[in-house]
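Just below is one structure, and these are the notes that go with it.
The values are calculated or read from the model by the stated rules, or taken from the named source; none is laboratory data. Computed from a predicted structure; not experimentally measured. Don't worry about glycine lacking a Cβ; one is built from the backbone with ideal geometry, like all the others, and counts go over all protein chains shown. For the accessible areas, the whole protein counts, side chains as well, though only heavy atoms, and no ligand, DNA or RNA atoms are used. Shrake-Rupley method; radii C 1.70, N 1.55, O 1.52, S 1.80 Å.
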Amino acid sequence: MSDKQSGFRKGHSTTTCLVEFLNELYRNTDEGKITGVLFLDLRKAFDTVDHHTLLCKLEQIGLGESFVAYISDYLIDRRQVTRVNNVISSTGDIVCGVPQGSILGPLLFITYINSLPDTMPDNVQTYLYADDTAILATGTTADEVSIKLTDALNTAKTWFDSHVLSLNTSKTKCMKFGSSHKLNTTAELNVKVDNTQIDNVSVFKYLGVQLDSQLKFDRHVLYIRRKVFTKLKAIGRLRQSISKGLALQLYTSMVIPHFDYAYVVYDGMSKGDAAQLEVLQNKCLRLCLKSEPKTRNVDLRKEAGVQSLSDRRMSHTCNVVYQGAHNISTPGINAMFTTCHEVSERNTRQNNNGNVVKPNTRLGLARRNAGYCGVVYHNALPTDIKTACSLNSFKSKMKKHLSTPVT
């Protein structure tokens, strides 16, 4: 399976894909370049998979004849009907596509699309999460980046056509990233496919995270706040008729996932945005606990058994650094982190204390990257945590180190 595919694979997730993707954006920006990204959209990708092509790909990766025959039986001769207002249509044959809502369907799809990155030009990078595809190119001018992306998009379009997949050009977007100076002094990207101009955007929701051109994440924080406020209102309407314990369960199941998702990625937000999220969590806890207005925030968290959001982000980020430094994460994240012991031949206390090499950066923007701030968090931990012998041991020691337990 291609290292560029993060979907439906053990040890991979949307977060690992985003960490690798954003690390490249931060690095290019720190080098004074602009980065152009194409976010591709496919029309009903899972529903248009060609069965014959898929079975051939399964044979090519070395699966036995009996297994391929089993998959063939699973896919072929399926039928469907449609029911509207108690009226049932005639039976129709399903001649393409993989079943959605199944365990096997997504695995078959990522096998089907697996060869796409190998066909792309060498001067671009491709990131896949199932059918979510991002193509990244970098350069010093908008023209240079546009040429690379146009070439890559036409290459991808040819591959999609040969695999009976349809590129939705109206929903495919391009976006440029860089420092404020670079963004203000470079033209819009000019990317075309089949004489169709691809729209430029300044904000795009990629794998659940609202990305902006300068990676401020203010739009994503606003998105989180709106989601949480909606859940908070729902809990508020029920609060008088439910117990404190049930209210906290609702908070844990309905609200915390919005705070937790992709913590590692948007930890680069401003201090003001981080403070707004902390205030919002405190409001949620006051509602669930029916606490007095003068109750200290630390006491709220202690009674509820939750951490501050800043501690949760630090904990999650340090987990990523530990896994990367010990080569137990994805190849892309493993390449981001190196222990000081690995790069030094001198057997000194500093090189044996579990520290990770901190990357050199030119701009403050790059220090908001998990590849930098994560190392700062990690290296500030006590030595016995950094030198933990396993990931489980590291997580256990992190829980004890933080003032309140992990929920």
Choose one answer from 214, 197, 80: the residue with the largest mean-square fluctuation in a GNM of the chain with alpha-carbon springs under 10 Å. 80
Of the GluC sites (Glu not before Pro) in the range 286-394, those whose Cβ has at most 13 other Cβ within 10 Å and which sit in DSSP loop: 345
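Given the range 132-221, what percent of its DSSP beta bridges are antiparallel, to the nearest 5?
Of all bridge pairs located within the range 132-221, approximately 75 percent are antiparallel.
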Run the accessible area of the chain with a 1.4 Å probe and give the carbon-and-sulfur part as a rounded percent. 50 percent
Cα gyration tensor shape of the range 1-93, rounded if a/c is under 1.5, else prolate or oblate by comparing a/b with b/c: oblate
Among beta bridges assigned by DSSP with both residues in the chain, the antiparallel ones amount in percent, to the nearest 5, to 90 percent
Cα centroid separation, the range 196-250 to the range 260-326 (Å): 15 Å
Using Cα pairs under 8 angstrom and six or more residues apart, how large is the relative contact order of the range 1-122, in percent? 30 percent
Mean-square fluctuation maximum in Gaussian network of the chain, Cα pairs under 10 Å, restricted to 374, 62, 332, hits 62
Do the alpha carbons of any pairs in 33/148; 233/294; 302/358; 283/397; 244/302; 4/171 sit beyond 24 Å of each other, and which pairs? 302/358; 283/397
Expressed as a whole-number percentage, the relative contact order of the chain with C-alpha contacts under 8 angstrom and at least six residues apart is 17 percent
Within the range 128-200, which trypsin sites (Lys or Arg not before Pro) sit in a loop by DSSP and count at most 14 neighbouring Cβ atoms inside 10 Å? 171
Could you state the accessible area per residue of the chain in Å², with a 1.4 Å probe and every protein chain left in place? 50 Å²
Under a point spin-label approximation (7 Å from Cα along Cα-to-Cβ), what is the residue 360-residue 122 distance to one decimal in nm? 2.6 nm
Mind checking which of 355, 195, 28 has the largest fluctuation in a GNM of the chain, springs on alpha carbons under 10 Å? 195
What translational diffusion coefficient, in µm²/s and rounded to a whole number, does the Stokes-Einstein relation yield for the chain at 10 °C and a viscosity of 1.306 mPa s, taking the hydrodynamic radius as the Kirkwood radius over Cα pairs? 66 µm²/s
Return the FRET efficiency for the residue pair residue 233, residue 212: r is the Cβ-Cβ distance, R0 is 22 Å, and the value is rounded to the nearest 0.05. 0.25
